[in-house]
1. Average projected area of the Cα convex hull of the chain, in nm²?
2. Mean separation of Cα pairs under 8 Å and 6+ residues apart, divided by the residue count of the chain: what relative contact order is that in percent?
3. Which whole-Hz ³J(HN,Hα) couplings does segment 9-23 yield from phi under the Karplus relation 6.51 cos²θ - 1.76 cosθ + 1.60, θ = phi - 60°, glycine and proline marked x?
4. About the Cα centre of the chain, what is the dipole size in debye to 20, counting +1 per Lys and Arg Cβ and -1 per Asp and Glu Cβ, all else neutral?
5. Can you show me the helix-derived [θ] at 222 nm for the chain, built from DSSP H runs with n ≥ 4 at -39,500 (n - 2.57) apiece and divided by the number of residues, rounded to the nearest 500.
6. Pick from VAL38, VAL19, VAL48 the residue whose mean-square fluctuation is largest in a GNM of the chain, springs joining Cα atoms under 10 Å.
7. Considering the chain as a Gaussian network with a 10 Å cut-off on Cα pairs, which listed residue, ALA56, ALA40, ALA20, attains the greatest mean-square fluctuation?
8. Do you know the Lys pair count in segment 6-56 for C-alpha distances under 14 Å, with sequence separation 8 or more or different chains?
Amino acid sequence: MLNPPLNQLMKQVNSQYLVATTAAKRAREIDEKPETEVQASYESKKPVGKALEEIANGEVYPNGTVK
């Protein structure tokens with residue numbers, strides 16, 4: 001099961017394609033440079049899950065902007 005749920009992700013980004021590409025790009029960034037993590041703690045242990053949590057919380061946007 002996807003956590004956070006897709007409907008929560010779609011509130012931040014209006015396209016499933018953009019969610020997937022943004023999460024993939026951000027996950028690679030987190031994997032290569034762990035110090036770029038935005039949140040203090042994550043539910044997920046994997047980079048893709050962390051990226052999805054950041055998107056759902058409105059901390060990462062498709063244009064690459066990180067709060």
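Bear in mind that the values in this text are calculations on the coordinates, not laboratory data. Bear in mind that the values here come from a model prediction, so they are computed numbers and not experimental data. Note: ideal-geometry Cβ built from the backbone for every residue, glycine included; neighbour counts use all protein chains shown.
1. Numbers: hull surface 16.2 nm².
Averaging across all directions leaves 4.1 nm² for the Cα convex hull.
2. Details: 64 pairs, mean separation 27.5, N = 67.
Normalised by residue count, the contact order of the chain is 41 percent.
3. Going residue by residue, I get 5, 5, 5, 8, 10, 7, 9, 4, 4, 5, 4, 5, 5, 5, 5 Hz, with x marking Gly and Pro.
4. Details: 9 positive and 9 negative charges, 33 e Å.
So the dipole magnitude of the chain works out to roughly 160 debye.
5. Working: 3 runs with 34 residues, N = 67.
Estimated from H runs of four or more residues: -15500 deg cm²/dmol.
6. Largest GNM mean-square fluctuation: VAL38.
7. The residue with the greatest mean-square fluctuation here is ALA40.
8. Details: LYS25/LYS33; LYS25/LYS46; LYS25/LYS50; LYS33/LYS46; LYS33/LYS50.
Qualifying lysine pairs in segment 6-56: 5.
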